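The values are calculated or read from the model by the stated rules, or taken from the named source; none is laboratory data. These numbers were taken from a predicted model, which means no experiment stands behind them. Here the Cβ is made from the backbone with ideal geometry for all residues, glycine too, and neighbour counts use every protein chain on show.
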Amino acid sequence: MRQITFKIPGTPVAKARPRFVSGRAITPKKTRVYEELVARVGAIANQGHPLLTGPLRLEVEAIYAKPKSWTNKKAASTYWKTSTPDADNLAKIMDGLNGVVWKDDAQVCDLHVKKRYSDNEIEEMRVIITELTA
């Protein structure tokens with residue numbers, strides 16, 4: 001059973017809806033750039049191993065800095081991020097791992113997504129991919 005763990009530095013980005021221009025779907029630049037970052041970091045973490053081809057568990061933890069406008073009391077008592085982006089759109093950004101770590105994201109059979117605030121102002125996305133066995 002193989003497990004791949006990595007962190008994507010910077011503010012986590014969710015997959016945005018495509019825009020349609022002349023009947024063509026155009027992925028927003030911010031989404032494209034972040035998916036490329038996900039692919040680069042994922043490729044490094046995969047260390048040249050063959051693509052995963054079986055069922056997978058994907059754990060995604062998006063960690064955000066607390067707003068500077070918050071009072072100390074609110075910052076100390078708030079852990080979970082209940083505002084945008086949506087958790088499901090954070091998981092969709094992992095499309096960047098198609099053909100890099102796994103064959104296709106349809107292999108993800110067990111998905112866990114968390115959104116929370118950082119205790120130390122470091123923003124990142126933590127990713128754990130685990131092969132599932134029967």
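Residue by residue, here is whether (1) β-branched (V, I, T); (2) at pLDDT 95 or above; (3) in contact with a helix residue (DSSP H, G or I) (Cβ under 7 Å, 6 or more places away or on another chain); (4) farther than 16 Å from T11 by Cβ holds:
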| residue | (1), (2), (3), (4) |
| --- | --- |
| V33 | yes, yes, no, no |
| P55 | no, yes, yes, yes |
| K66 | no, yes, yes, no |
| A75 | no, no, no, yes |
| M94 | no, no, yes, yes |
| V108 | yes, yes, no, yes |
| K114 | no, yes, no, no |
| Y117 | no, yes, no, no |
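Out of the residues in the range 1-46 that are within 16 Å of M125 (Cβ to Cβ) and among the small types (G, A, S), which is surrounded by the most Cβ atoms within 10 Å (Cβ to Cβ)?
Taking the range 1-46 and keeping what is within 16 Å of M125 (Cβ to Cβ), we get 4-16, 30-31, 33-45.
Within this subset, residues satisfying the condition of being among the small types (G, A, S) are 10, 14, 16, 39, 42-43, 45.
Details: G10: 12, A14: 19, A16: 17, A39: 18, G42: 21, A43: 16, A45: 18.
My answer is G42.
Name the residues in the range 62-84 that are in contact with a strand residue (DSSP E or B) (Cβ under 8 Å, 6 or more places away or on another chain), under 20 Å from R32 (Cα atoms) and in a loop (DSSP other than H, G, I, E, B), would you?
Across the range 62-84, there are no qualifying residues.
Based on this model, can you work out whether K74 counts as among the charged types (D, E, K, R) and without any contact (Cβ under 8 Å) to a residue 12 or more places away in the chain? It would help to see each step written out before you state the result.
Values: among the charged types (D, E, K, R): yes; without any contact (Cβ under 8 Å) to a residue 12 or more places away in the chain: yes.
So K74 fits the description; yes.
Need pairs with beta-carbon distance below 7 Å; first residue within 16 Å of W80 (Cβ to Cβ) and within the range 111-127, second among the aromatic types (F, W, Y) and loosely packed, with under 14 Cβ neighbours inside 10 Å; sequence gap 6+ or separate chains.
Correct list of pairs: K115/W80; R116/Y79; R116/W80; Y117/Y79.
Name the residue that is surrounded by the fewest Cβ atoms within 10 Å (Cβ to Cβ), counting only residues in the range 51-106 that are in contact with a Gly (Cβ under 8 Å, 6 or more places away or on another chain) and closer than 16 Å to M125 by Cα.
The selected residue is G96.
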